[in-house]
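Remarks on the structure that follows.
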């Protein structure tokens with residue numbers, strides 16, 4: 001599988017192939033076999049309701065609020081399995097075949113032989129509505145993300161690269177202000 | 001610090017409550033005592049003391065459930081909105097994390113190819 | 001944060017405290033905004049119920065408003081909020097006699113993961129923490145959400161230091177065991 005040399009990130013405007021996003025219903029049966037399942041369907045009024053509750057004072061939520069403003073729907077199905085072989089290649093092929101329809105292009109395909117990880121990103125261009133699809137697989141995980149609407153890939157990727165990973169403090173800093181406390185009883189050492 | 005402790009710090013990062021949290025705290029501080037309706041004032045004037053309790057109980061048993069239903073309706077909508085928001089944040093983070101991972105892999109590989 | 005800006009914040013909070021004690025509601029609102037994330041998060045990760053956590057957090061701030069005269073400094077304010085929030089969380093679970101307790105053994109193990117930030121792992125870990133018994137759960141949350149060391153946790157929870165250390169050690173061992181079975185050896 002050819003690996004593309006660069007990933008171009010820019011705001012896409014595209015025509016959606018399906019009003020409802022990809023058809024992922026055939027994956028529902030995998031939930032019974034999965035250790036951990038995530039299933040998100042947000043569109044229409046529910047997406048608007050969710051966006052209303054995003055806080056402008058939280059930096060991540062503010063970013064998401066900005067990203068979501070142009071979206072029509074977001075759909076996620078993610079399964080993590082205890083062992084390999086719980087999902088079939090045909091499960092993934094059924095999704096890829098939907099992404100072969102006119103307007104969709106695969107912009108990235110990454111495959112690692114070492115750990116069997118596979119990732120594909122598709123976008124659809126050429127119209128009023130945008131589309132993004134991500135397929136990630138490894139022997140014990142299957143994740144599909146489908147987003148309809150205008151999406152800024154740069155900002156979306158930035159959201160994923162900055163989840164507030166804390167600094168590694170190897171020892172406590174000595175000048176923490178909340179160490180000063182009112183008179184208290186001696187702790188039991 | 002171990003990976004587990006890093007992951008715990010990430011999993012237990014501070015989260016913000018809903019956007020109007022402060023306003024709701026202040027509203028509870030400011031909440032005035034319930035003003036009696038005009039007919040309640042009249043009823044008090046014309047009824048002997050021991051019947052007041054009966055009247056108040058009857059009024060309360062009508063007014064409180066209605067207020068309660070409205071309150072629960074608002075609470076349900078709020079809960080629904082908060083849940084939808086959580087799902088949205090999760091979905092966007094999932095998408096962002098996968099995209100970022102792919103981007104890092106591709107950029108790493110392109111650097112290797114350039115060196116070759 | 002530089003020393004001068006930390007001092008500036010402390011001065012501002014002190015002023016807000018004094019003005020709140022005099023009945024100045026906007027000043028009290030500033031205090032709420034400054035600390036709402038901390039109080040709400042303690043409750044949320046403990047109770048795993050957003051609605052309940054918000055209600056509990058509101059109660060904490062209402063209690064703070066009643067107790068403003070006893071708050072001696074910005075640092076004392078933070079200590080007081082953590083203490084009251086922790087106590088209310090633990091009391092809350094004791095009141096909910098019929099809450100189906102999720103045991104650590106019942107929470108499925110997360111599958112093997114890579115080291116990048118993974119939203120699924122984050123969510124699974126938060127669930128694992130919520131399945132710990134009440135006091136160890138609060139110890140873990142204070143340690144990793146608030147970055148308190150064991151002696152500070154002992155003060156907040158009014159618990160012997162040895163007990164805090166024991167809770168922390170055992171909880172981490174339980175969590176590590178649950179994860180290590182799928183991820184392999186955890187680097188220490």
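The values are calculated or read from the model by the stated rules, or taken from the named source; none is laboratory data. As the structure is a computational prediction, the values presented were derived from the model and not from experiment. Here Cβ is always computed from backbone atoms with ideal geometry, including for glycine, and neighbour counts include all displayed protein chains.
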request  = Could you tell me whether residue C:8 is part of a helix (DSSP H, G or I) and at the interface with chain B (Cβ under 10 Å from one of its Cβ atoms)?
outcome  = no
key: Unique residue being buried (at least 21 other Cβ atoms within 10 Å of the Cβ) and at pLDDT 85 or above when the list is B:101, B:85   = B:85
ask   = Looking at this structure, is residue A:24 in contact with a helix residue (DSSP H, G or I) (Cβ under 6 Å, 6 or more places away or on another chain) and surrounded by fewer than 20 Cβ atoms within 10 Å (Cβ to Cβ)?
value = no
ask   = Out of segment C:34-57, which residues are at the interface with chain B (Cβ under 7 Å from one of its Cβ atoms) and either at pLDDT below 95 or more than 21 Å from residue B:76 (Cβ to Cβ) (or both)?
value = C:36, C:37, C:38, C:41, C:44, C:45, C:50, C:51, C:54
task = Could you list all residues from segment C:49-71 that are outside any helix (DSSP H, G or I) and either surrounded by 16 or more Cβ atoms within 10 Å (Cβ to Cβ) or assigned by TED's automatic domain parsing to the domain that holds residue C:134 (or both)?
result = C:49, C:71
request  = Give C:101, C:178, C:135 a once-over and let me know the one that is away from chain A (no Cβ under 14 Å) and at pLDDT below 85.
outcome  = C:101
inquiry  = Filter segment A:82-123 down to the residues that are buried (at least 20 other Cβ atoms within 10 Å of the Cβ) and not in a strand (DSSP E or B) and list them by number.
reply    = A:87, A:95, A:99
